[in-house]
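Here's the structure, in structure tokens; my notes come after.
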Amino acid sequence: MSDNNNGAGGGFEPKIVGFLCNWCSYAGADKAGGSQKSYPPNVNVVKVMCSGRVDPQFVLKAYSAGADGVLILACHPGDCHYKEGNYRAMQRHRMLLRVLNQHGIESERCRFDYVSAGEGDRFINVLTEMVETVRALGPLTKAIISDNPNSNMIEERS
Amino acid sequence: MKIGVYFCNCGSNISDKVDSQQVQQELEGLADVAYFKINDLMCSDDGKQFLSDDIAAEMPDRIVIAACSPREHENTFMRVLSGAGMNPYLMQMVNIREQVAWVTDDVGKASSKAAHFIKGAVKRVGFHKPLEKKSIEMSAYVLIIGAGPAGLKAALSIAETGRKVTLVEKSPAVGGQPVLYEEVFPNLECAPCMLEPILNEILHGEHAENIEILTMSEVVELTGFYGNFIAQIKKTPRYADLHQCIGCGECVSVCPVDVKNEFNNGLDDRKAISLSFAGALPNVPFIDMTACLRAKGEDCRLCEQSCPLGEGIILYDDAEEIVERRMGAVIVAVGASLYDAGLIPKLGAGTVPDVYTSFEFERLLSSTGPTGGQLVTRSGKVPESIALIHCVGSLDSNHKEYCSGVCCQSAFKFNLMVEHKLHDTHIHHLYKELVYPGKEEFFLYKRAKENPNAVFTRYRNIASLEITAAEDKEGGSIIIKNTLYEKAAIKADMVVLCPALVPAKDTGKLNEVLGTTSDTYGFFEELHGRLDSVRSKVRGIYIAGACQSPMNIAQAMTQGMAAAGYVLNGLVEGKQLEIEPITASVDEERCSGCKVCMLLCPYRAISFDAEKRKSHVNEVLCQGCGTCVAACPAGAMNSNHFTNEAIFAEIEGVLA
Ligand SMILES: Cc1cc2nc3c(=O)[nH]c(=O)nc-3n(C[C@H](O)[C@H](O)[C@H](O)COP(=O)(O)OP(=O)(O)OC[C@H]3O[C@@H](n4cnc5c(N)ncnc54)[C@H](O)[C@@H]3O)c2cc1C
Ligand code: FES
């Protein structure tokens, strides 16, 4: 298996999954692209139509598949293309943090934030901060066993 | 499964930073990838031809295109797939330009990141289903509720194209609020003269046959969805034949019953059979059965007997009726009403004589009003001074926090109309704020300010104003005190309160009937305040005019046109309604009937089948956000193209 996440110096390169809503955040990421400023390559983007589609299971799945962090980006409050999806996402995120905390997974490994279609720079800032935060935390050693997507079990990673 | 991967160099935009060879190496061993092909510019004509030919030659089951952002060319490539005979949903695009090549300095890292993205897509695309756009029959017929400026303009715009509309109006007359005004701001144009041509066009114009007008009617039920609504409309009897009556008014003059005239805000009386006001259209009287002697058991037939056309015009047997209409879209244009000034009791509305609301004052100024347009107090005296109180209930967290905009304009209008009628009458404006935005509105303010008889005084808080009947009538029968400055009392013979505009009566009820929503203030809620102010949150139901937000006639007319534009654009006779396939769907086996999805859906696209006890998604209304899918505790909701399986696979893929 190739691994882009190991830097030249062999230092820890976190793997992060970023769930981006199609209308604002994904467009914000494209906007950042348009400005051609370089940012860390650690975030693997998974596009969803709305942050409201982000099922907590997706987050658990990401951890179990090897992610050290998860970033959920949504339209700003009031701006969701589907009106309210981002409020649901925000509520679910809060709930999820409780579950993660109970299992010793730091809140910082799961960040929810807002990036609008015009905020290319904000996208870069949020993403870079996330990468640095997770880098400082080090690799995730807890793992979520969720081959059964309905299971929320969290165990040590093998 | 045979998956083909296409890699676009995008000129050198991608290939400068992403090394296709390295990517190809990293993908080696990935199950199902049958081939990896590179093209220099896939979105060019040559590139599209290459893709099309290659799909025909390779016959892949699924393809992945690694190129620019899907926001750029996903549709382009979907069309190529369709053209090549492949279902367009069997493709996944990977954004290796905006999100990789352009934002990663190091070629090795960029290539590796691109490879991870592509792995995600390869894993995901295996779960893609061939989706088809569906199409269903739709009706091009339109229902418009409310016949004020907004509804009339919408009706006319639609009828002019040959389409049929039904215009439902609650009151006996069409025209909305402005037919009750004498003159309209900002240029003091004669209101009836301005509206008459439109009303005539609606009633007797070239396209009148396309407009069915149901006066004294209300929509009591709406079922169905965009393209296929069914409305039940309750028609209150008018007791006069709308088509045969010539409106001569003989019947009105012989009627022996007098009742308070609500069309003049109770400032005078009308007969039990009457027109709403002189010149009301349709020019056919109605019988108010709550007042008619026949309702009290008497066999009065005076109106029928007086009719020069004989029997059969006055219809004593007319009865309430429910009529059904089918339509593709609904335009709501039910207008607004005034904030109840009685909620600020110290202003004397309804308790101190000669304290009027702005609507009442409009009628006093009107030649069809209770005094025939003569400006006199209740005791018949010409007022020496009139106080106009702006911002009644506006800009006030105890009442309405917003500014309606039209109240200042109407107060300036009153100033000038009073000046024209009564040259010597003093006018006192008491205001919290003065607003006059717009290219014409400012002049009205300027002219009002220049009126030598006008004085403008600012107050801070309406709660400190006290309006009472003066004991000493010298200088005015009413005294207006500002309790903050006892000495600053003003006397006037008339007071006009200019309250905020608030949602029309029954707006809440209508919202329930239509399934639309109301905003914080109770107005019909728009889809988006700036982009889509005339669309409600329910697809196919549009909102125009003051029922959406306080506004003036020009704005209401414009919104009526805008709503008509949406309707004309979306509903076309003979055309089918296309349904996007990316929607949610219910797996009935798993659905436990908990209704969580229903509560979450912002589009009211989910209904509950009470018999089966299962949720049901309406594909026309569903916009495919997936919020219900993520919330379903039973895992019974699926989202087409964004299935759990596909997303799980993508997550695994990008991390592999
Ligand atoms: C005192 C005052 C003076 C004004 N003067 C001016 C002026 O000079 N110039 C100007 O540009 N604007 C003026 N305005 C603003 C103007 O009245 C509005 O902009 C205009 O009336 C809005 O038109 P509309 O079609 O949205 O609603 P409306 O004119 O209110 O018409 C709505 C129609 O819907 C009907 N209706 C209500 N509920 C139902 C229902 N449930 N079912 C069926 N029908 C229903 C009503 O009977 C009415 O006919 C003034 C406002 C006020 C308060
Ligand atoms: S569409 Fe962006 S959060 Fe809903």
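The values are calculated or read from the model by the stated rules, or taken from the named source; none is laboratory data. It should be emphasised that the depicted structure is a prediction, and the values quoted were computed from it without experimental measurement. For neighbour counting, all protein chains shown are included, and Cβ atoms are generated from backbone atoms with ideal geometry for every residue, glycine included. Note: accessible area is taken over every heavy atom of the protein model, side chains too, but ligands, DNA and RNA are not part of it. Shrake-Rupley method; radii C 1.70, N 1.55, O 1.52, S 1.80 Å.
List the residue pairs whose Cβ atoms are under 8 Å apart, where the first residue sits in the range B:350-378 and is within 14 Å of chain A (Cβ to nearest Cβ), the second is of a type in the set (A, V, I, L, M, F, W, C) and within 16 Å of ligand 2 (Cβ to nearest atom), and the two are 6 or more positions apart or on different chains.
none
Of all residues being aliphatic (A, V, I, L, M) and over 25 Å from B:Gly626 (Cα atoms) in the range A:117-139, which is surrounded by the most Cβ atoms within 10 Å (Cβ to Cβ)? Just the residue, please. Working first, answer last.
Taking the range A:117-139 first, the residues aliphatic (A, V, I, L, M) are A:117, A:124, A:126-127, A:130-131, A:134, A:136-137.
Subset that is over 25 Å from B:Gly626 (Cα atoms): A:124, A:130-131, A:134, A:136-137.
On the way: A:Ile124: 21, A:Met130: 25, A:Val131: 21, A:Val134: 27, A:Ala136: 10, A:Leu137: 16.
Across the range A:117-139, the extreme among qualifying residues is A:Val134.
Do you know which residues across the range B:418-438 are outside any loop (DSSP other than H, G, I, E, B) and either touching an Asp or Glu at 6+ places or on another chain (Cβ under 6 Å) or open to solvent by less than 70 Å² (accessible area, probe 1.4 Å) (or both)?
We begin by selecting, within the range B:418-438, every residue outside any loop (DSSP other than H, G, I, E, B); these are B:418-421, B:426-431.
Selection gives B:Val418, B:Glu419, B:Ile427, B:His428, B:His429, B:Leu430, B:Tyr431.
Please go through the range B:383-401 and give me each residue that is touching a strand residue (DSSP E or B) at 6+ places or on another chain (Cβ under 9 Å), more than 12 Å from ligand 1 (Cβ to nearest atom) and under 18 Å from B:Tyr436 (Cα atoms), ordered by number.
Once the filter is applied, which keeps residues that are touching a strand residue (DSSP E or B) at 6+ places or on another chain (Cβ under 9 Å), more than 12 Å from ligand 1 (Cβ to nearest atom) and under 18 Å from B:Tyr436 (Cα atoms), the range B:383-401 yields B:Ile389, B:Cys391.
Can you work out which of the residues in the range B:104-120 that are within 10 Å of chain A (Cβ to nearest Cβ) and closer than 20 Å to B:Leu41 by Cα is farthest from the chain's Cα centre (by Cα)? Break it down into steps so the answer makes sense when it comes.
Start the filter on the range B:104-120 by keeping residues that are within 10 Å of chain A (Cβ to nearest Cβ), which leaves B:104-106, B:108-117, B:119-120.
From the residues that got through so far, the ones that are closer than 20 Å to B:Leu41 by Cα too are B:110-111, B:114-115, B:117.
On the way: B:Ala110: 48, B:Ser111: 50, B:Ala114: 46, B:Ala115: 48, B:Phe117: 43 Å.
Among those residues, the one meeting the criterion is B:Ser111.
Report, by residue number, each residue of the range B:602-632 that is facing another protein chain (nearest Cβ under 10 Å) and assigned to a loop (DSSP other than H, G, I, E, B).
The first filter runs over the range B:602-632 and keeps only residues facing another protein chain (nearest Cβ under 10 Å), leaving B:602-603, B:623-632.
The answer is B:Pro602, B:Tyr603, B:Gln623, B:Gly624, B:Cys625, B:Gly626, B:Cys632.
In contact (Cβ under 8 Å) with a residue 60 or more places away in the chain and either exposed (fewer than 15 other Cβ atoms within 10 Å of the Cβ) or farther than 16 Å from B:Ala341 by Cβ (or both): is that true of B:Ser385 in this structure? Even if it seems obvious, please write down each step before you answer.
On the way: in contact (Cβ under 8 Å) with a residue 60 or more places away in the chain: yes; either exposed (fewer than 15 other Cβ atoms within 10 Å of the Cβ) or farther than 16 Å from B:Ala341 by Cβ (or both): yes.
Yes.
Return the residues of the range B:493-506 that are open to solvent by 10 Å² or more (accessible area, probe 1.4 Å) and either modelled with pLDDT of 95 or more or away from ligand 1 (no atom under 11 Å from the Cβ) (or both); say none if nothing qualifies. Give the steps one after another, and end with the answer.
Of the range B:493-506, the ones open to solvent by 10 Å² or more (accessible area, probe 1.4 Å) are B:501-506.
Within the range B:493-506, B:Leu501, B:Val502, B:Pro503, B:Ala504 qualify.
For the range A:72-116, which residues satisfy the criterion of being open to solvent by 40 Å² or more (accessible area, probe 1.4 Å) and within 11 Å of chain B (Cβ to nearest Cβ)?
If the condition is that a residue be open to solvent by 40 Å² or more (accessible area, probe 1.4 Å) and within 11 Å of chain B (Cβ to nearest Cβ), then A:Gly78, A:Asp79, A:His81, A:Glu84, A:Tyr87, A:Arg88, A:Gln91 are the ones that fit.
Of all the residues that make up the range B:439-462, how many are under 18 Å from B:Gln555 (Cα atoms) and crowded, with 16+ Cβ neighbours inside 10 Å?
Residues of the range B:439-462 under 18 Å from B:Gln555 (Cα atoms): B:439-442, B:444.
Then drop every residue that is not crowded, with 16+ Cβ neighbours inside 10 Å, which leaves B:441, B:444.
Going through the range B:439-462 one residue at a time, the tally reaches 2.
Against the condition away from ligand 1 (no atom under 16 Å from the Cβ), farther than 18 Å from B:Pro178 by Cα and either crowded, with 24+ Cβ neighbours inside 10 Å or among the β-branched types (Val, Ile, Thr) (or both), how does B:Thr166 come out, does it pass?
Values: away from ligand 1 (no atom under 16 Å from the Cβ): no; farther than 18 Å from B:Pro178 by Cα: yes; either crowded, with 24+ Cβ neighbours inside 10 Å or among the β-branched types (Val, Ile, Thr) (or both): yes.
No: the conditions fail for B:Thr166.
Consider the range A:56-85. How many of its residues are near ligand 2 (Cβ under 9 Å from one of its atoms) and outside any strand (DSSP E or B)? Don't jump to the end; show me each part of the working.
If we filter the range A:56-85 for residues that are near ligand 2 (Cβ under 9 Å from one of its atoms), which is where we start, we get A:73-76, A:79-85.
Adding the requirement that they be outside any strand (DSSP E or B) leaves A:75-76, A:79-85.
Total satisfying the criteria: 9.
I'd like the full set of residues that are at the interface with chain A (Cβ under 7 Å from one of its Cβ atoms) and touching a Gly at 6+ places or on another chain (Cβ under 7 Å), limited to the range B:642-656.
In the first step, residues of the range B:642-656 are kept if they are at the interface with chain A (Cβ under 7 Å from one of its Cβ atoms); the result is B:642, B:644, B:647-648, B:650-652, B:654-656.
Answer for the range B:642-656, where residues must be at the interface with chain A (Cβ under 7 Å from one of its Cβ atoms) and touching a Gly at 6+ places or on another chain (Cβ under 7 Å): B:Phe642, B:Glu650, B:Val654, B:Leu655.
Examine the range B:557-568 for a residue that is open to solvent by less than 30 Å² (accessible area, probe 1.4 Å), out of contact with any Pro (no Cβ under 6 Å at 6 or more places or on another chain), modelled with pLDDT under 95 and in a helix (DSSP H, G or I), and state whether such a residue exists.
No; the residues of the range B:557-568 include none that is open to solvent by less than 30 Å² (accessible area, probe 1.4 Å), out of contact with any Pro (no Cβ under 6 Å at 6 or more places or on another chain), modelled with pLDDT under 95 and in a helix (DSSP H, G or I).
Which condition from (1) more than 16 Å from ligand 2 (Cβ to nearest atom); (2) of a type in the set (Gly, Ala, Ser); (3) touching a residue at least 40 places away in the same chain (Cβ under 8 Å) is the one that B:Gly626 breaks?
Condition not satisfied by B:Gly626: (1).
Please determine, by comparing only the residues of the range B:588-601 that are within 13 Å of chain A (Cβ to nearest Cβ) and either free of Cβ contacts under 8 Å to residues at least 12 places away in the same chain or closer than 25 Å to A:Met90 by Cα (or both), which one is most open to solvent (accessible area, probe 1.4 Å).
Start the filter on the range B:588-601 by keeping residues that are within 13 Å of chain A (Cβ to nearest Cβ), which leaves B:590, B:596-597, B:599-601.
Then keep just the ones that are either free of Cβ contacts under 8 Å to residues at least 12 places away in the same chain or closer than 25 Å to A:Met90 by Cα (or both); that gives B:596-597, B:599-601.
Values: B:Val596: 52, B:Cys597: 15, B:Leu599: 147, B:Leu600: 27, B:Cys601: 28 Å².
Residue satisfying both the conditions and the ranking: B:Leu599.
Can you pull out the residues in the range A:29-55 that are facing chain B (nearest Cβ under 7 Å) and either in a helix (DSSP H, G or I) or of a type in the set (S, T, N, Q) (or both)?
If the condition is that a residue be facing chain B (nearest Cβ under 7 Å) and either in a helix (DSSP H, G or I) or of a type in the set (S, T, N, Q) (or both), then A:Ala29, A:Asp30, A:Ala32, A:Gly33, A:Gly34, A:Gln36, A:Ser38, A:Asn44, A:Gly52, A:Arg53 are the ones that fit.
Which residues, counting only those in the range B:67-92, are within 13 Å of chain A (Cβ to nearest Cβ) and either more than 21 Å from A:Gly120 (Cα to Cα) or open to solvent by 30 Å² or more (accessible area, probe 1.4 Å) (or both)?
Residues satisfying the conditions are B:Arg71, B:Glu72, B:His73, B:Glu74, B:Gln92.
With the structure loaded, tell me whether B:Gly393 is open to solvent by 10 Å² or more (accessible area, probe 1.4 Å) and on the phi > 0 side of the Ramachandran plot or whether it fails that test. Even if it seems obvious, please write down each step before you answer.
Working: open to solvent by 10 Å² or more (accessible area, probe 1.4 Å): no; on the phi > 0 side of the Ramachandran plot: yes.
In short, no.
Of all residues in the range B:325-353, how many are open to solvent by 70 Å² or more (accessible area, probe 1.4 Å) and of a type in the set (Val, Ile, Thr)?
First, pick out the residues of the range B:325-353 that are open to solvent by 70 Å² or more (accessible area, probe 1.4 Å): B:326, B:340, B:343, B:345-346, B:350-351, B:353.
Narrowing further to those that are of a type in the set (Val, Ile, Thr): B:351.
Adding up the residues that qualify gives 1.
Residues of the range B:497-540 being hydroxyl-bearing (Ser, Thr, Tyr) and assigned to a helix (DSSP H, G or I), which ones? Give the derivation first.
Of all residues in the range B:497-540, those hydroxyl-bearing (Ser, Thr, Tyr) come to B:507, B:516-518, B:520-521, B:533, B:536.
Hit for the range B:497-540 is B:Thr507, nothing else.
Looking only at the range B:611-656, count every residue that is among the aliphatic types (A, V, I, L, M) and open to solvent by 30 Å² or more (accessible area, probe 1.4 Å) and tell me the total.
Kept after step one, since they are among the aliphatic types (A, V, I, L, M), are these residues of the range B:611-656: B:617, B:620-621, B:629-631, B:634, B:636-637, B:646-647, B:649, B:651, B:654-656.
Narrowing the set further to residues that are open to solvent by 30 Å² or more (accessible area, probe 1.4 Å) leaves B:634, B:656.
Residues in the range B:611-656 being among the aliphatic types (A, V, I, L, M) and open to solvent by 30 Å² or more (accessible area, probe 1.4 Å): 2 in total.
Which pairs do you get when a residue that is within 15 Å of A:Ile16 (Cβ to Cβ), found in the range A:50-66, comes within reach of a residue that is within 9 Å of ligand 2 (Cβ to nearest atom), reach meaning Cβ atoms under 8 angstrom, with the pair 6+ apart or on two chains?
A:Val54/A:Val48; A:Val54/A:Ala89
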